[in-house]
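Have a look at the structure below, then the notes.
Values quoted throughout were computed directly from the atomic coordinates according to the rules given, and no laboratory measurement underlies them. Computed from a predicted structure; not experimentally measured. Every residue, glycine as well, gets a Cβ built from its backbone with ideal geometry; the counts of neighbours run over all protein chains shown.
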Amino acid sequence: MTLSTLDTGAADVASPSLPRPVDPPIDVARAPDVSPRWVYVSAGFAAASFLLLMIANMNFCDPDVWHEMALFREALAEGRVPTEDHFAYTPTVSPSIHHEWGTGAILYGVMTTFGGPGMMVLKYALVAAVVGLCYRCARRRGASAAVFLWVAPAMAPFASYGFATIRAQLFTLVFLAALLCLLEVDRRGRRWWIAVWLPLYVVWLNLHAGFAVGAVLMALYACEQAIRRQPFWHFAPVGLAMAGLVFVNPYGASYVPYLMHGLTMDRPLIVEWQPLWRHDTRVFVMFLASLLPIGYAIRQVGIRQLACILLLAATAYAALRHTRHLSLYCVVWACYVPGYLQMTNLGAAIDRTYRCYGRLVMQVSAVVAILCLGRSIPNQPWRMTMPASLEDAKGGGMCYPLGAIQYLDETGFRGNLMLPFETGGYAIWQLSPKVKVSIDGRYEVAYQPGVLEDHVRLYEAQSGWLDVLTKYPTDAVIVPSPTPLAAAMPDVRGWKMTYDDGTFEVYTRRQIFNRGI
């Protein structure tokens, strides 16, 4: 079935188990005052502009990009994906299972071929894929284009939790939206989707461990089908096939115990893994507001009419537990909630507004688009950035130690480099193999428990911080200027500041350069 993004009515639905959308009621007192096609074009452009506004300042290059690309570069050199860490001098795990190795391969190809502009094109292509698939799923669920364009932008303020430049999680959002579309095919009694899904699943599990979310949501979907007395037994062989396909990865059976460990471990020191209510009160309030349309739909039509409500509830719970999962909830919300509202009086009112007050909708859409683009363009959303100072970072966020890394490279530094958690990946990319790092964003993928805690103690100059420098054989330390460690290091005997750019300092224990400092 071909669906047009400019269709003014709801999508045709063949299955009697789905709510059958009807043409939106037309106010007999007001005939359409402008072509509906242009109304939807303008509204769609306004919605896209609003989304761009929400992600316009997210052109910051995510620090995970670098260690992912470095791993793939290492794999090219060795002829296989390595299972032993070659980048760190602090205690590491064995085997080292990097579940994002496939993402690293894609990013390596794009970065080395097209550079930063290519990364931004890839990022916006993935964002467009997520939005397009959510639209397609919502339409299959009976939502009209008007209701989707009116409702779905409510998820745009949460975009910062999934549309970074570029995290492996963005691939997960694409595959999750694709899975929800395929489940709508299944709902109509067609099983060809299985032949499409299984190869996609193999690709997904080699890009990001978020594929486990897809497996859980599919199981919940099967359970809901069973509760609704709809066909579900075919999911048993599909589930068995998915379980077997997990082993189709460069690490083989070793991937499974890592996966179980990674999915169940606590990450109390990683901000994005904190509960949503603890991470950001404002975002938590917005999340609670996103539940109101669901409650309204339940009151209007009853919970039994809201298909896939289990999937929405599961991702809402996951978002509450861990802020990182908020983007998963957003995708499921955008796929299903517009369809829920389509069955209510609000959905009918939205359709009537678009049909009978099209000129007003176009005018409002034009104003919204102009305001959003006016705020977005100064951020240069087409340019990937790597701020090297607090001024470049606009007073907040991570800064890259570009000058410090360049200094170490140009002076021929060879040895062990202590540095903050976020910056280790970039150091690996630029300085490996002549330099080994103390930590980087791989966390449990590479480092033993206690390594991150030692870094927190060091950079916060907490009790026993000096012992960290002797615990690990460190030759140089990169110190961010606005940290307690920066105030404490000048008093430490045996260490000398050899570089300072106002944002980062470099302290060295001894002369180990090929050239003089």
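Given a Förster distance of 45 Å, report the FRET efficiency between HIS234 and MET398 from their Cβ-Cβ distance, rounded to the nearest 0.05.
It comes to 0.45.
Are there any chymotrypsin sites (Phe, Trp or Tyr not before Pro) in the stretch 137-239 that are in a DSSP loop and have at most 14 other Cβ atoms within 10 Å? List them by number.
TRP192, TRP233
In terms of modelled amide H atoms, which long-range or inter-chain residues lie less than 5 Å from the amide H of ARG167?
Close amide H contacts, sequence-distant or interchain: none at all.
Between the stretch 358-376 and the stretch 224-298, how far is it from one alpha carbon centroid to the other, in angstrom?
36
With only Lys, Arg, Asp and Glu charged, each at its Cβ (+1 for the first two, -1 for the last two), find how big the charge dipole of the stretch 402-508 is about the Cα centre; round to the nearest 20 debye.
Charge dipole of the stretch 402-508: 320 debye, to the nearest 20.
Report the label-to-label distance for PHE60 and TRP273 in nanometres (one decimal), using points 7 Å from each Cα along the Cα→Cβ vector.
For PHE60 paired with TRP273, the spin-label model returns 2.0 nm.
Could you give me D for the stretch 27-132, from Stokes-Einstein at 20 °C and 1.002 mPa s, where the hydrodynamic radius is the Kirkwood radius over C-alpha pairs? Units µm² s⁻¹, please.
D = 123 µm²/s.
If each of ALA195 and LEU291 carries a label point 7 Å out from its Cα toward its Cβ, how far apart are those two points in nm?
So the two model labels end up 4.4 nm from each other.
If I stretch the segment between ARG359 and VAL34 completely, what's the gain in nm (0.36 nm per residue apart, minus their alpha carbon distance), one decimal?
116.4 nm
Does the stretch 44-193 come out rounded, prolate or oblate, given a ≥ b ≥ c as the square roots of the eigenvalues of its C-alpha gyration tensor, rounded meaning a/c under 1.5 and, failing that, prolate meaning a/b above b/c?
prolate
From the backbone phi of the stretch 308-320, what are the Karplus-calculated ³J(HN,Hα) couplings (6.51 cos²θ - 1.76 cosθ + 1.60, θ = phi - 60°) in whole Hz, Gly and Pro given as x?
Result, ordered by residue: 6, 5, 5, 5, 5, 5, 5, 6, 5, 5, 4, 5, 5 Hz.
Based on Cβ point charges of +1 for Lys and Arg and -1 for Asp and Glu, what charge dipole magnitude is obtained for the stretch 97-266 about its Cα centre, in debye rounded to the nearest 20?
For the stretch 97-266, the charge dipole is close to 700 debye.
Do any GluC sites (Glu not before Pro) in the stretch 47-92 lie in a loop, going by DSSP, with at most 13 other beta-carbon atoms within 10 Å of their beta carbon, and if so which?
GLU84
As a test of understanding, state the convex hull volume per residue of the stretch 342-494 from its alpha carbons, in Å³.
Cα-based convex hull of the stretch 342-494, divided per residue, equals 212 Å³.
Please state, rounded to one decimal and in Å, the Kirkwood hydrodynamic radius that the stretch 270-333 gives when every pair of distinct Cα atoms enters the mean of 1/r.
12.2
Taking every pair of Cα atoms in the chain, average 1/r, invert it to obtain the Kirkwood radius, and report Rg/Rh to two decimals.
Reported Rg/Rh (Cα atoms, Kirkwood Rh): 1.02.
In the neighborhood of PHE171, defined by Cβ-to-Cβ distances under 14 Å, what is the net charge if each Lys or Arg adds +1 and each Asp or Glu adds -1?
Within the 14 Å Cβ shell, the charges total -2.
Show the residues, 5+ positions off or on another chain, whose built amide H is closer than 5 Å to the amide H of GLY412.
So GLY412 has HN proximity to no qualifying residue.
For ALA77, project a label point 7 Å along Cα to C-beta. Then give me every residue of the stretch 433-448 with its amide nitrogen under 13 Å of that point.
Taking a point 7 Å out along Cα→Cβ of ALA77, the residues of the stretch 433-448 whose backbone N falls under 13 Å are 433-437.
Enumerate the amide H contacts of ALA88 below 5 Å, restricted to partners 5 or more residues apart or on another chain; note that Pro and chain-start residues carry no placed amide H.
VAL437
Give the residue list of chymotrypsin sites (Phe, Trp or Tyr not before Pro) in the stretch 339-371 that are DSSP loop and have at most 11 other beta-carbon atoms within 10 angstrom.
none
List, in order, the whole-Hz ³J(HN,Hα) value for each residue of the stretch 60-68 obtained from phi through the Karplus relation with A = 6.51, B = -1.76, C = 1.60 and θ = phi - 60°; use x for Gly and Pro.
Values per residue, Gly and Pro as x: 5, 5, 5, x, 5, 3, 6, 6, 5 Hz.
Report, for the chain, the % of DSSP beta bridges that are antiparallel, rounded to 5.
Bridges in the chain are about 55 percent antiparallel.
With labels modelled as points extended 7 Å from the Cα through the Cβ direction, what inter-label distance (nm, one decimal) is found for ALA226 paired with GLU410?
6.5
Please identify the longest segment of the chain free of exposed trypsin sites (Lys or Arg not before Pro), where exposed means a DSSP state other than H, G, I, E or B and no more than 13 other Cβ atoms within 10 Å.
230-382
How much of the DSSP beta bridge set in the stretch 402-508 is antiparallel, as a percent to the nearest 5?
Looking only at bridges with both residues in the stretch 402-508, the antiparallel portion is about 65 percent.
With the cut-off at 22 Å, report for the stretch 256-382 the share of all Cα pairs above it, as a whole percent.
58
Using each residue's phi in the stretch 416-433, evaluate 6.51 cos²θ - 1.76 cosθ + 1.60 at θ = phi - 60° and report the 3J(HN,Hα) Karplus result to the nearest Hz, with x for Gly and Pro.
Each residue's phi maps through the Karplus curve to give 9, 10, 7, 7, x, 3, 6, 9, x, x, 5, 5, 4, 4, 8, 10, 5, x Hz.
Using only Cα atoms, locate the centre of the stretch 79-103 and the centre of the stretch 126-190, then give the distance between them in Å, rounded to an integer.
Answer, in whole Å: 33.
Select from LEU269, ALA77, PHE114 the residue farthest towards the positive end of the dipole of the chain; place +1 on Cβ of Lys and Arg, -1 on Cβ of Asp and Glu, and compute about the Cα centre.
PHE114
Express in % the proportion of alpha carbon pairs of the stretch 97-266 at distances exceeding 23 Å.
47
Evaluate the charge dipole of the chain about its Cα centre and quote only its size in Debye, nearest 20, assuming +1 on the Cβ of each Lys and Arg and -1 on the Cβ of each Asp and Glu.
Computed charge dipole of the chain: roughly 1600 debye.
Summing Lys, Arg as +1 and Asp, Glu as -1, what charge do residues with Cβ under 10 Å from the Cβ of THR103 carry, THR103 excluded?
Combined, the nearby Lys, Arg, Asp and Glu give -2.
Semi-axes of the equivalent ellipsoid for the stretch 116-200, please: Cα gyration tensor eigenvalues, times 5, square-rooted, ordered largest first, whole Å.
They are 24, 19, 9 Å, listed from largest to smallest.
Taking 0.36 nm per residue of separation and subtracting the Cα-Cα distance, what length does fully extending ASP501 through ASP467 add?
9.6 nm
How big is the Kirkwood radius of the stretch 150-225, worked out from every pair of different alpha carbons and given in Å to one decimal?
13.6
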